[in-house]
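**Student:** Got a structure for you, written out below as structure tokens; questions coming shortly.
Every number here is computed from the coordinates shown, using simple stated rules; none is lab data. What you see is a predicted model; the values in this text were computed from it and never measured. When we count neighbours, we look across all protein chains shown, and the Cβ atoms used for this are built from the backbone with ideal geometry, even at glycine.
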Amino acid sequence: MFTLDEAPAIDRVLAFDPDAGSIAVVDKKGFPARLDLRETDVLKAAKTKLTSLSSVNGNDIYGVNAKGEIIRLNPNGSDWKFKPAVPARAVFAQPNGDVIVSANKGAQTLVWRVHPPDDIAEDSAVLPLAGRAVRTQLGDRIYFTIDSGLVGVKGKDLSPLGAVQLPSRVRALTPTPSGDRLYVATMADSVISIVDRYNGRVESGLTLPQPPSDLRMDDLGRYLLARFPRQDSAWVIAIGTNKLLGAVPTRWESDLPAVTPDGRLALLGAKDVTFADPQKLDTRSTIAGGAKDYWYFFAWDGFRPRAQGLDQPVTFPSDSVPADSLTASSTLPTAGASPPPAGNDTSTRAPPAPAPPGAVRPASSGFVVSFAALLSEEKAQQVASAIKVNGAPAHVVFTTTAGSPIYRVVMGPYLTREEADRIGRASKREYWIYEGSP
């Protein structure tokens, strides 16, 4: 369980950095920020408001300032700025580190590809005047809406894609995670057009009772959600079969409805959040009062170390196997012969790395309350010294992850999760609860 009471009112999530345990977000006021899950801190990324905020790694955040310049915000101070020839309108961070920038000039949309920290455009393209744009999850395509159609460019070199003609102006569009298909809803048509990325044509369509007002793709590409135009409901569409499964009651916000990683529909009610089966559309569970929270589904190990036994070297009894079985003079035993006695294991093993002074090794199994996981022992000790519950202080546990030292501020272990949760709440700090060693 994780609580972050001082988190800002989140408008949307940009990206998650699992290595740093940081989520890049945009707050309700339009400012970028980072939520540090290790220290449960909220860090403002900028003091001035930026538009077209974009991130792919949760670390670097890109945006457009009031002058039309592209700004990169980096937590380590490696900020960067790019001033295009025309004030920028939008920026798209790419998985390979590139940045795609677009700007409108007269009846044209100009597009540049830049690779920070360079400030010279490596490629450029000119398109018809375009509106909104969307990039595929892989970053290999960026599609722009034009009057009654789409145009696009390839992410690697901005080479143009063929124009796609549609029945009317585009209202919403979303690609599959692999980018092989693009689902497009138009203003005056109840048919969702499905564009094939390989030939650039509308290959098929999915007819709904009414034109949807918005589209949302499952992060794993299993389901498509289409918003009802006039009421709090959504259609559920199976991507594999392009079949309309039915409709579910839900409000539509930036976080919900959504499809969870385990394949449930997370639906937003007036006060509660319900989880439903996407095939049967029946409710499986309800989180009372969950509607007041912002929901973001992700997987993170929280710097939990590997079990120590997984990294122990394999050893053999010294007398049972020859030093080199290919050159040994001994032969295989004959049938009925007694096997040689097993010798004692006299091999030497490197002792585990000692814990630094002031830190202890993980304790036995149970439920552990974790307050922070830091790379600095000094900072971990400072955090631990400030936490006491019923006179008992927190302590620092030393672990390693992928060869890197991690200093976790913990209390426990406790026999039950309820007891651990009580301690966490009594600390009046944000906390995690883990079962087993921290």
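**Student:** Can you give me the Kirkwood hydrodynamic radius for region 163-216, using every pair of distinct Cα atoms, in Å to one decimal?
**Tutor:** Details: mean 1/r = 0.0903 Å⁻¹.
About 11.1 Å for region 163-216.
**Student:** Give me the number: length gained by fully extending Asp157 to Ala20, i.e. 0.36 nm times residue separation minus the C-alpha to C-alpha distance, one decimal in nm.
**Tutor:** Numbers: separation 137, 0.36 × 137 = 49.32 nm, distance 3.06 nm.
Separation in residues times 0.36 nm, less the Cα-Cα distance, equals 46.3 nm.
**Student:** Starting from the Cα-Cα distance between Ala299 and Thr51, subtract it from 0.36 nm times their residue separation and give me the gain in nm to one decimal. List each step's numbers first, then the result.
**Tutor:** Numbers: separation 248, 0.36 × 248 = 89.28 nm, distance 2.81 nm.
Gain on stretching Ala299 to Thr51: 86.5 nm.
**Student:** Between Ala234 and residues 5 or more places away or on another chain, which pairs have amide H atoms under 5 Å apart, with H built 1.01 Å from N, and which residues are they?
**Tutor:** Excluding prolines and chain starts, which carry no amide H, the hits are Phe228, Val248, Thr250.
**Student:** Quick one: Karplus J couplings for region 106-116, per residue in order, coefficients 6.51, -1.76, 1.60, θ = phi - 60°, nearest Hz, x for Gly and Pro?
**Tutor:** x, 9, 10, 10, 9, 10, 10, 10, 10, 10, x
**Student:** Tell me which trypsin sites (Lys or Arg not before Pro) from region 63-145 have a DSSP coil assignment and no more than 12 other beta carbons within 10 Å of their own.
**Tutor:** Numbers: sites: Lys67, Arg72, Lys81, Arg89, Lys105, Arg113, Arg132, Arg135, Arg141; in loops: Lys67, Arg89, Arg132.
Those that pass, being in a loop and sparsely packed, are Lys67, Arg132.
**Student:** Per residue and in Å³, how big is the convex hull formed by the alpha-carbon atoms of region 79-119? Provide the component values of the computation, followed by the final result.
**Tutor:** Numbers: hull volume 2.7 nm³, N = 41.
Spread over its residues, the Cα hull of region 79-119 gives 66 Å³ apiece.
**Student:** Obtain the nm distance between the two label points defined at Arg251 and Asn390 by a simple spin-label model: each point lies 7 Å from its Cα along the Cα-to-C-beta direction.
**Tutor:** With each label placed 7 Å out from Cα toward Cβ, I get 3.9 nm.
**Student:** Expressed in nm to one decimal, what extension gain is obtained for the pair Asn74 and Ile120 from 0.36 nm per residue of sequence separation less their Cα-Cα distance?
**Tutor:** Values: separation 46, 0.36 × 46 = 16.56 nm, distance 1.98 nm.
The span from Asn74 to Ile120 would gain 14.6 nm if fully extended.
**Student:** What are the lysines whose alpha-carbon lies under 16 Å from the alpha-carbon of Lys379, with same-chain residues fewer than 8 places away excluded?
**Tutor:** Correct list for Lys379: empty, as no lysines qualify.
**Student:** Which whole-Hz couplings ³J(HN,Hα) result when phi for each residue of region 218-226 is put into the Karplus expression 6.51 cos²θ - 1.76 cosθ + 1.60, θ = phi - 60°, listed in order with x for Gly and Pro?
**Tutor:** Result, ordered by residue: 4, 4, 9, x, 9, 9, 10, 9, 10 Hz.
**Student:** What fraction of the Cα pairs in region 174-273, stated in percent, has a spacing above 25 angstrom?
**Tutor:** 15
**Student:** Which of the aspartates and glutamates could a cross-linker span from Lys81 if the Cα-Cα distance has to be under 14 Å and same-chain partners fewer than 8 positions apart are dropped?
**Tutor:** Asp60, Glu69, Asp98, Asp118, Asp119
**Student:** For the pair Lys44 and Arg12, how long in nm is the line joining their label points, each one 7 Å along Cα→Cβ?
**Tutor:** With each label point 7 Å from Cα toward Cβ, the separation is 2.2 nm.
**Student:** If you don't mind, another one. Whose amide H sits under 5 Å from the amide H of Tyr414, counting only residues 5 or more places off or on another chain, with H placed in the peptide plane?
**Tutor:** Placed amide hydrogens put Phe367, Val368 under 5 Å from Tyr414.
**Student:** Report ³J(HN,Hα) in whole Hz for each residue of region 17-29, in order, from the Karplus equation J = 6.51 cos²θ - 1.76 cosθ + 1.60 where θ = phi - 60°; Gly and Pro get x.
**Tutor:** Listing the rounded values in order: 10, x, 5, 8, x, 10, 10, 8, 9, 10, 7, 5, 8 Hz.
**Student:** If you don't mind, another one. At a Förster distance of 60 Å, what's the computed FRET efficiency of Arg132 paired with Thr400, Cβ-Cβ distance as r, to 0.05?
**Tutor:** On the way: r = 46 Å, r/R0 = 0.77.
With R0 = 60 Å, the Cβ-Cβ based efficiency is 0.85.
**Student:** Divide, for region 1-145, the radius of gyration over alpha carbons by 2.2 N^0.38 Å, where N is the residue count. Mind showing how you got there, number by number?
**Tutor:** Working: Rg = 15.5 Å, N = 145, 2.2 N^0.38 = 14.6 Å.
Ratio of Cα Rg to 2.2 N^0.38 Å: 1.07.
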